[in-house]
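Report on one structure; see the data block that follows.
The values are calculated or read from the model by the stated rules, or taken from the named source; none is laboratory data. Just so it is clear, the model here is predicted, and its values are computed rather than measured. Note that we place each Cβ from the backbone using ideal geometry, even for glycine, and neighbour counts take in every protein chain shown.
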Ligand SMILES: [Zn+2]
């Protein structure tokens, strides 16, 4: 129903677009601000190549309760709640879509070129409503409906969803920084492993030392939105705010502005991709999904371990003889981080390369700041081949694609609301709002189990 826009509606949109275009022209002529420079306005005091972590128990202890106790933010990041969206609320909250700063960014975008794709709806259970959408033809390249990754619009960045090089495991962890990650990050550092870390904006300002640790250790830092919602259900302004304020949070805390992002639950279509592209962001998805977030909640830990075992086996049985993969895993809680530590030795034994996505794609500048560089593929510690990766991932084998589709439909149906809830519960360290004190009790109770 919401796909077919009536002629009247289209006319109204065109008129609105004309008016907007005229307004934009005035705005643009009066200032030299161009959208590609948005990140230059962030006044970060952090040198990404010289991060010093605070000498406090939260940065060194391995006790989750100690790590997740509130701490005074680092002196190089002053967190003023009035300058940010409310934690875990849509990033337009707290008046953040009305600030001069945000309006400048919004008005620098030529919205007349934005695709006229409907904002999706979610049902009472939190799952996306796909009634009325032509899933077979998939006109909007809606990943949740079809696992589409190649936009149908010109000028929109194409998704990365697999590592192109053979026998390569693309290492990715979502939903951090988690306050109790010391043991996990220590392990990765000790093993010289680099991962793509998809950080949630609310978590970054909440646990700034966690994000600084990620940057200090040379992980590939990427944007995972401010409040972890289904992005296709948000308006254009909301989508922009979710991405923009997370970019700002990551820059202010770590000193880098990511060029990559991952939508929560993989929920992206060409409208959301187009807005991300305005901020020079490319979508990174996955083609293998461990469902590790569900371990010990909606799924047995043994089930997740079996999935891990299957993916490990693919490294040695020829599945990835001609191309690699990107696996979805999380740093959402101690269960998922412990599973990672348990399986990484097996993964490394089965795959030639276990590396972050920037490296597997041979992207040596994954941030706007050219002062931070990554080694090319093949030069990295964990790469055993010297073949340069191509810029666009080839298609994966039929068997892998099949498992991707299954994962996608799971992610976009019953599991969506559960993931969202557990994200909130796990991010509970802030005591800036009384509600978070309640959540903190849940989080600490969960860690104590
Ligand atoms: Zn997530």
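Summary of values
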quantity	calculated
Residues being farther than 21 Å from residue 369 by Cα and either within 15 Å of the ligand (Cβ to nearest atom) or not in a loop (DSSP other than H, G, I, E, B) (or both) - total across the stretch 259-274	11
Residues of the stretch 98-107 satisfying the condition of being within 24 Å of the chain's Cα centre (by Cα) and in a loop (DSSP other than H, G, I, E, B)	none
Count of residues meeting criterion [within 16 Å of the ligand (Cβ to nearest atom) and either over 20 Å from residue 356 (Cβ atoms) or surrounded by fewer than 24 Cβ atoms within 10 Å (Cβ to Cβ) (or both)] in the stretch 225-238	9
Single unsatisfied condition, residue 208 versus (1) away from the ligand (no atom under 16 Å from the Cβ); (2) closer than 24 Å to residue 108 by Cβ; (3) touching a helix residue (DSSP H, G or I) at 6+ places or on another chain (Cβ under 7 Å)	(2)
Within the stretch 275-289, tally of residues that are within 16 Å of the ligand (Cβ to nearest atom) and farther than 19 Å from residue 37 by Cβ	6
Failed condition for residue 117, given (1) under 23 Å from the mean Cα position of the chain (by Cα); (2) part of a loop (DSSP other than H, G, I, E, B); (3) more than 21 Å from residue 229 (Cα to Cα)	(3)
In the stretch 58-97, the residues that are farther than 14 Å from residue 246 by Cα, assigned to a helix (DSSP H, G or I) and free of Cβ contacts under 8 Å to residues at least 12 places away in the same chain	66
Members of the stretch 173-192 found to be within 23 Å of residue 377 (Cα to Cα) and more than 19 Å from the chain's Cα centre (by Cα), listed by number	187, 188, 189, 190, 191, 192
Scan of the stretch 185-202 for residues that are out of contact with any strand residue (DSSP E or B) (no Cβ under 8 Å at 6 or more places or on another chain) and either within 16 Å of the ligand (Cβ to nearest atom) or not in a helix (DSSP H, G or I) (or both), ordered by number	191, 192, 202
Filter result (in contact (Cβ under 8 Å) with a residue 60 or more places away in the chain, buried (at least 24 other Cβ atoms within 10 Å of the Cβ) and either over 14 Å from the mean Cα position of the chain (by Cα) or under 15 Å from residue 128 (Cβ atoms) (or both)) within the stretch 266-277	266, 267, 268, 269, 271, 275
Checking residue 151 against (1) crowded, with 24+ Cβ neighbours inside 10 Å; (2) away from the ligand (no atom under 16 Å from the Cβ), the condition it does not meet	(1)
Residue in the stretch 240-258 that is nearest to the chain's Cα centre (by Cα), counting only those that are outside any helix (DSSP H, G or I) and more than 16 Å from the ligand (Cβ to nearest atom)	257
Filter pass, residue 222 being in contact with a strand residue (DSSP E or B) (Cβ under 9 Å, 6 or more places away or on another chain), modelled with pLDDT of 95 or more, within 16 Å of the ligand (Cβ to nearest atom) and in a strand (DSSP E or B)	yes
